[in-house]
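Computed from the coordinates by the stated procedures, all read-outs in this text should not be read as laboratory data. Because the structure is a prediction, the values reported are computed rather than measured. So basically every Cβ, Gly included, is an ideal-geometry build from the backbone, and we count neighbours across all protein chains shown.
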């Protein structure tokens, strides 16, 4: 029988021989990056990447990200009710990383990361002009996470309905969006592991009838 490392997260991983580093975020990986732009109540632009991000519903489309701690993105969305998700690509990786810096709430991360902003059509927050895909979103829910005992955590799941979608035309072939054409990047484990989606990683399977 295959032998496994085993530990209970509440006790930590360090007591397990061979597990020097917490493997959790390397196992649940690679993860899409929630590169979220918002506006503060005073109009300050904010841009930040979140590695706990995904799509949760088709119709209407609902996306969401988790903020560990009540950060500027969470506060801005609570105040204004809107945000934009911007696709992080390989050629924007360094700028995306720069926008993750911990800075004061009055710092404009677009300027900090050297990124031009473009206006959204239906919401106030701007989008990253160089990103080939952007979703304009209206806030729908904020859920504070709890543990199994019901104790509240300092983590907030923020959900929004996608009401407008921008897509660069060169990502469409024969009417279909080509995921690998954008060279999206995804978050891995450790302090700085990322993965790029390329055509060589593609395989297809049909669902059973």
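For the residue pair residue 20 and residue 204, what label-to-label distance in nm results when each label sits 7 Å from Cα along the Cα-to-beta-carbon direction?
That separation, rounded to one decimal, is 4.4 nm.
I'd like the FRET efficiency for residue 146 and residue 6, computed as 1/(1 + (r/R0)^6) with the beta carbon distance as r and R0 of 25 Å, rounded to 0.05. Numbers along the way, then the final one.
Working: r = 25 Å, r/R0 = 1.00.
Between residue 146 and residue 6 the formula returns 0.50.
Sum -39500 (n - 2.57) across every DSSP H segment of at least 4 residues in the chain, then divide by the residue count to get the 222 nm mean residue ellipticity, nearest 500. Could you put the intermediate results ahead of the total?
Numbers: 4 runs with 23 residues, N = 209.
Dividing the helical sum by the residues of the chain leaves -2500 deg cm²/dmol.
Normalised by the residues of segment 30-192, what does the relative contact order come to in percent, with Cα pairs under 8 Å and at least six apart? Don't skip to the end; give the middle numbers.
Details: 361 pairs, mean separation 44.3, N = 163.
Result for segment 30-192 is 27 percent.
Among rounded, prolate and oblate, which fits segment 30-192 when a ≥ b ≥ c are the square roots of the eigenvalues of its C-alpha gyration tensor, a/c under 1.5 means rounded, and a/b larger than b/c means prolate?
Values: a/c = 1.39, a/b = 1.26, b/c = 1.10.
Note, shape of segment 30-192 comes out rounded.
Between segment 142-209 and segment 51-83, what is the separation of their alpha carbon centroids in Å?
Between the Cα centre of segment 142-209 and that of segment 51-83, the gap is 13 Å.
Please work out whether segment 119-209 counts as rounded, prolate or oblate from its C-alpha gyration tensor, where a ≥ b ≥ c are the square roots of the eigenvalues and a/c under 1.5 means rounded, while otherwise a/b larger than b/c means prolate and anything else oblate? List each step's numbers first, then the result.
Details: a/c = 1.81, a/b = 1.30, b/c = 1.40.
Oblate is the answer for segment 119-209, as a/c is 1.5 or above yet b/c matches or exceeds a/b.
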